[in-house]
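J.: First the structure, then my questions, so here it is.
The values are calculated or read from the model by the stated rules, or taken from the named source; none is laboratory data. Fair warning: this is a prediction, and the values are worked out from it, not measured in the lab. Neighbour counts run over all protein chains shown; Cβ positions are idealised from the backbone, glycine included. These accessible areas exclude ligands, DNA and RNA; they are computed on the full protein's heavy atoms, side chains included. Shrake-Rupley method; radii C 1.70, N 1.55, O 1.52, S 1.80 Å.
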Amino acid sequence: MQITINNVVKRYAKVEAVKQLSFSVQQGEIFALLGPNGAGKSSLVRMLVGFTHPDEGEIQVQFNDQIHSAIPGEALGYLPEDRGLYAEKTLEQNLYYFAQLHGIDKKEATKRMDHWLEKFDLLDRKDQALKTLSKGNQQKVQLVNAVLHQPKFVILDEPFSGLDPINQEKVVVFLSELKQQGMTVILSAHQMSMVEKLADRMLLMNQGEAVLYGDLTQIQQQVGVGTQLTVEFSAEFNVQKLSLALNNFDFEALSNNKVIVNLVNTSQVNEALTQLMTLGHIDNLESKKMDLHQLYLKAISDHQGAIQDDAA
Amino acid sequence: MTQLNKTWLVAKWEFMHFFKLKQELIGKAVMLLIALMVFFWHNSQGFSTQKHKVAVISETSIMGEFELFEFNKASLSEAELKEQLNNEEIDAILVEQAMENSIATFKLYSLGKHSWQNDLINVLNTYYSAKVTQNLGLTQQQLNQIKNPVLISNHYLDTKVKSEDKNSSETAVGVLILIGLGIFVSFAQIFVSITGEKQQRVTEQLYACMDSQTWVDGKILGQMLLALKAMTSSLISIVLGFGFFQVILNGQTLDLSFIDWSLLPWFLLFSVLGLYLATAFMAAIAAAIDDPNHSGKTSFMMLPLVPMILTFMVMDSPSGLAMTVLSYFPLTAFAAMPVKMALIEVSVWQTLLAITSTVITCWYARRLAGKMFKMGMVMYGKEPGYKEMFKWAIS
């Protein structure tokens, strides 16, 4: 483990932004922090980078054979949510200034800068003022700025925001390269398709609590849905028989001849189909794996419901 | 990379961010152009050998050549002379009137308003002053007695008060004005710099690279260098301007004897400390401002000018209680002590005490600015109230 978070609590006045949160991030993995706005992701990130400290619990970061209470500055590449660079300075001036602050000499900084700017099709614009670039291109420069000093840990808050699909794909390639270079990447994002492609593991937060945690398979198991079967019968089915037949499954009748059955994994498909065939002739059958977006929505919805039930 | 290296890097960035060589050169070129214009205008006036012709309608008045004027008794009527004036054959008509309260009275006709008219009045005053003196039978000495009947030389029982020939108030006032200029430059730029970085959202990235104290130290150093640059540049301009008027225009030797060179190193030390203190204080305030357009804290940034104003107010009484208090009080010593040193003899230990108190205050102001910046980061986009600022200041 490189980063361990143990029962961390963070309060702002009377608001508990992070509640008894525990998880770990492993060396060299891409770890995604997911959750709706106000879930506590930014509060968590600000504790990880050392801007604030937990009110309870502890954060342990392993670096250079030592344990730190936050990611040390020299090992950190950071793209904050609230970000920008010096608009009137050129790309080169901006990037070189930050590289120097991390102790990188000009020759090495130029080499790395050219490498990343070329990847983002910005090399020919490095002598231009940042303000002359589009918002998306400025975002790419900020991403380069976060990793120019080749940090051990990279924290990226919303790296895809403001980017078109082509540039989002470029960021996916960029993050994959960071992983290949052995960096540990923690990213917060709302673009589930991108996260699904990239993240080794993830943590879904809601209202300061951990809702889901693990890799995609583990997440599917935690939600209780991995595969979804949509079954259409040639005739109306008997609702009582349906309930009896699908007693072991989570299902939803869409009409009097159409039903959706949620399966934890594909190994349940045979059992479910056997039961369904007892209800009548199946006219149409669709099977699809639930994507992260759907899992996210279901998990948040379930968690909200549980909170409301507790309150009631 | 050491904290010191980072501080220097931030200071260099800060300096180069505001230092615009092109603008500096344009400014100096404009000054040179103005000097050249003044020079040529002055020379064209000085080398003009053509005298202004003045027709005088009088029986007894001034006649002949005086400085740039040629006074001729008029042989024509006033109307004919006005015709000549219209044709620019003469420059003016001087018509003597009846005396009013024994004062020679004239009407002066000219085509328009000219700069030489003041010179003409001076010539007439000089001429009639000499004439009156002669008529009264007075000597030049008697005339001087009438003009300056009292002459006072000051002698003080308090031996600390410097005699007027040793008084360095010009140097002290000059230094105070230069510090004021430096503070103004620093005020404007550190405000723009710190709140600008917040507006451009660079602060979080910077804070991820270095601690708040390193950042603030670099900012203060960079802004101080800019203020010192502005002060030096202004000083050079003033000395060159002074030299230009004294040497080139008036043909005198350059006289800088009004500067007390022996006190200058002390004054410069106080200037640097004062500038540091003011810049650190303003950095602390700017760091606590989130939105410069809506913050009520902006007005606090004028506070560093208060010591200068107080010193100006009490400098007439350099041995007084107010000046004594101000010259040791940590927040005002940088302004009051140099002025006191210029006006009265001050022991070295007193100077060192004032320096020590200022250095301690500078250190505290620097720490305060660092804390305020950190507070801004922790509070994450919310502008702190005075209560929070106080809490952080004493933490």
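J.: Let me check something: with ligands and nucleic acids excluded, how do B:W13, B:W363, B:W215 order by accessible area (1.4 Å probe), largest to smallest?
T.: These residues rank, largest area first, as B:W363, B:W13, B:W215.
J.: Considering only segment B:50-143, what is the antiparallel percent among its DSSP beta bridges, to the nearest 5?
T.: 50 percent
J.: Now a separate question. Per-residue mean of other chain beta-carbon atoms within 10 angstrom of the beta-carbon, peptide A:47-59?
T.: Partner-chain Cβ atoms within 10 Å, mean over residues of A:47-59: 1.
J.: Right, another one. Does any residue of segment B:176-215 lose at least 30 Å² of accessible area with all protein chains in place compared with its chain alone, and if so which ones (probe 1.4 Å)?
T.: The answer is B:Q200, B:R201, B:V202, B:E204, B:Q205, B:L206, B:Y207, B:A208, B:C209.
J.: Mind scanning A:K10/A:K170; A:K19/A:K298; A:K126/B:K12; A:K135/B:K12 and naming the pairs with a C-alpha gap bigger than 24 Å?
T.: Pairs exceeding 24 Å: A:K10/A:K170; A:K135/B:K12.
J.: Considering only protein heavy atoms and a 1.4 Å probe, what is the carbon-and-sulfur percentage of the accessible area of segment A:162-312?
T.: 48 percent
J.: Shifting gears a bit: At 7 Å along the Cα-to-beta-carbon direction for both B:Q142 and B:E100, put a label point, then send me their distance in nm to one decimal.
T.: Taking the two extended label points, one gets 2.9 nm.
J.: At a 1.4 Å probe, what is the % contribution of carbon and sulfur to the accessible area of segment B:50-143?
T.: On segment B:50-143, the fraction of accessible area on carbon and sulfur atoms equals 48 percent.
J.: To continue, here is another question. How far is it, in nm, from the label point at A:S234 to the one at B:I26 when both lie 7 Å from their Cα along the line to the Cβ?
T.: Each label point lies 7 Å from its Cα, and together they span 8.7 nm.
J.: Using a probe of 1.4 angstrom, how much of the accessible area of segment B:160-394 is carbon and sulfur, in percent?
T.: It is 70 percent, rounded to a whole number.
J.: In Å² (nearest 100), what accessible area is buried between A and B, both sides summed, heavy protein atoms only, 1.4 Å probe?
T.: 2400 Å²
J.: Right, another one. Within segment B:50-143, count lysine pairs with alpha carbon atoms under 18 angstrom apart where the residues are 8 or more positions apart or belong to different chains.
T.: 10
J.: Leaving ligands and nucleic acids out of the surface, order A:S255, A:S42, A:S69 by accessible area at 1.4 Å, largest first.
T.: Ranking A:S255, A:S42, A:S69 by accessible area, largest first, yields A:S69, A:S255, A:S42.
J.: Running a GNM on chain A with Cα contacts under 10 Å, which residue among A:Q240, A:Q222, A:Q268 ends up with the highest mean-square fluctuation?
T.: Among A:Q240, A:Q222, A:Q268, the largest mean-square fluctuation in the Gaussian network model of chain A belongs to A:Q240.
J.: Over chain B, what is the percentage of antiparallel beta bridges among all DSSP beta bridges, to the nearest 5?
T.: Taking every DSSP beta bridge with both residues in chain B, the antiparallel ones total about 55 percent.
J.: Please work out the FRET efficiency for the pair B:K229 and B:I259, using the Cβ-Cβ distance as r and a Förster radius of 22 Å; give the result to the nearest 0.05.
T.: With R0 = 22 Å, the Cβ-Cβ based efficiency is 0.60.
J.: Report the label-to-label distance for B:A79 and A:S176 in nanometres (one decimal), using points 7 Å from each Cα along the Cα→Cβ vector.
T.: 10.8 nm
J.: Accessible surface of B:T7 in the full protein assembly, 1.4 angstrom probe, to the nearest 10 Å²?
T.: About 20 Å², rounded to the nearest 10.
J.: Mind checking the full-extension length gain between A:N248 and A:Q222? Use 0.36 nm per residue of separation minus the Cα-Cα distance, one decimal, nm.
T.: 7.7 nm
J.: Next question, about the same structure. Among the aspartates and glutamates, select those whose C-alpha is under 15 Å from the C-alpha of A:K258, and discard any that sit fewer than 8 residues away in the same chain.
T.: By straight Cα distance, A:K258 reaches A:E232, A:E236, A:D250, A:D283, A:E286.
J.: Write out the trypsin sites (Lys or Arg not before Pro) in segment B:111-189 meeting two conditions: DSSP loop, and at most 15 other Cβ atoms within 10 Å of their Cβ.
T.: Answer by residue number: B:K113, B:K160, B:K166.
J.: Order the following by accessible area, largest value first: B:M301, B:M16. Probe radius 1.4 Å; ligands, DNA and RNA are ignored.
T.: B:M16, B:M301
J.: So with the 1.4 Å probe, I'd like the accessible area per residue for the protein assembly as shown, rounded to whole Å².
T.: Per-residue accessible area for the protein assembly as shown comes out at 52 Å².
J.: While we're here: With springs only between Cα atoms under 10 Å apart, run a GNM on chain B and tell me which of B:E345, B:E80, B:E383 wobbles the most.
T.: B:E80
J.: Quick check on chain B: take the gyration tensor over C-alpha atoms, sort the square-rooted eigenvalues as a ≥ b ≥ c, and tell me if it's rounded (a/c under 1.5), prolate or oblate.
T.: Verdict is prolate for chain B.
J.: Subtract the Cα-Cα distance of B:A35 and B:D291 from 0.36 nm times their separation in residues, and report this length gain in nm to one decimal.
T.: 87.9 nm
J.: Note down the relative contact order for chain B as a percent, whole number, built from C-alpha pairs under 8 angstrom at least six residues apart.
T.: Contact order relative to length: 18 percent.
J.: Of B:G112, B:L143, B:N125, which is farthest along the charge dipole of segment B:50-143 in the positive direction, counting Lys and Arg as +1 and Asp and Glu as -1 at C-beta?
T.: So the residue we want is B:L143.
J.: Next question, about the same structure. Would you report the distance distribution of C-alpha pairs in chain A as whole percents per 10 angstrom bin, up to the bin with the largest distance?
T.: In whole percents, the pair-distance histogram is 6, 23, 26, 20, 13, 8, 3, 0.
J.: Let me ask another. Compute a Gaussian network model of chain B, connecting alpha carbons closer than 10 Å, and tell me which residue from B:G182, B:G64, B:G241 fluctuates the most.
T.: Among B:G182, B:G64, B:G241, the largest GNM mean-square fluctuation belongs to B:G64.
J.: What aspartates and glutamates sit close enough to B:K340 to cross-link, taking a C-alpha to C-alpha distance under 17 Å and skipping anything fewer than 8 places away on the same chain?
T.: Within reach: B:D158, B:E164, B:D165, B:E170, B:D260, B:D316.
J.: Right, another one. Just check segment B:56-210 against the gyration tensor rule for me: Cα atoms, a ≥ b ≥ c as the square roots of the eigenvalues, rounded for a/c under 1.5, and otherwise prolate or oblate depending on whether a/b exceeds b/c.
T.: Oblate shape, in that a/c is at least 1.5 and b/c is the bigger or equal ratio.
J.: Something else now. Provide the per-residue ³J(HN,Hα) series for segment A:69-86, in order, calculated from phi with Karplus coefficients 6.51, -1.76, 1.60 and θ = phi - 60°, each as a whole number of Hz, with x at glycine and proline positions.
T.: Once rounded to whole Hz, the list reads 8, 7, 5, x, x, 6, 9, 10, x, 9, 10, x, 5, 9, 10, x, 10, 6.
J.: Now for a separate question. Within segment A:153-194, name every residue whose backbone N is under 19 Å away from a label modeled 7 Å from Cα of A:Q26 along the Cβ vector.
T.: What the label zone holds, given the 19 Å backbone N cut-off, is A:153-154, A:176-187.
J.: Provide the percentage of antiparallel DSSP beta bridges, counting only those with both residues in the protein assembly as shown; round to the nearest 5.
T.: The antiparallel proportion sits near 65 percent.
J.: Another question, then. Mind checking the mean number of beta-carbon atoms from other chains within 10 Å of the Cβ atoms in A:93-102?
T.: The shielding value for this peptide is 5.
J.: For a quick check of understanding: with a 1.4 angstrom probe and all protein chains in place, what accessible area in square angstrom does A:E108 have, to the nearest ten?
T.: About 60 Å², rounded to the nearest 10.
J.: Given a Förster distance of 35 Å, report the FRET efficiency between A:N7 and A:S161 from their Cβ-Cβ distance, rounded to the nearest 0.05.
T.: It comes to 0.70.
J.: Over chain A, what is the relative contact order in whole percent, taking alpha-carbon pairs under 8 Å and six or more residues apart?
T.: Contact order relative to length: 19 percent.
J.: Would you mind checking the pairs A:K41/A:K111; B:K219/B:K371; A:K111/A:K179 and listing those with alpha carbons more than 23 angstrom apart?
T.: A:K41/A:K111
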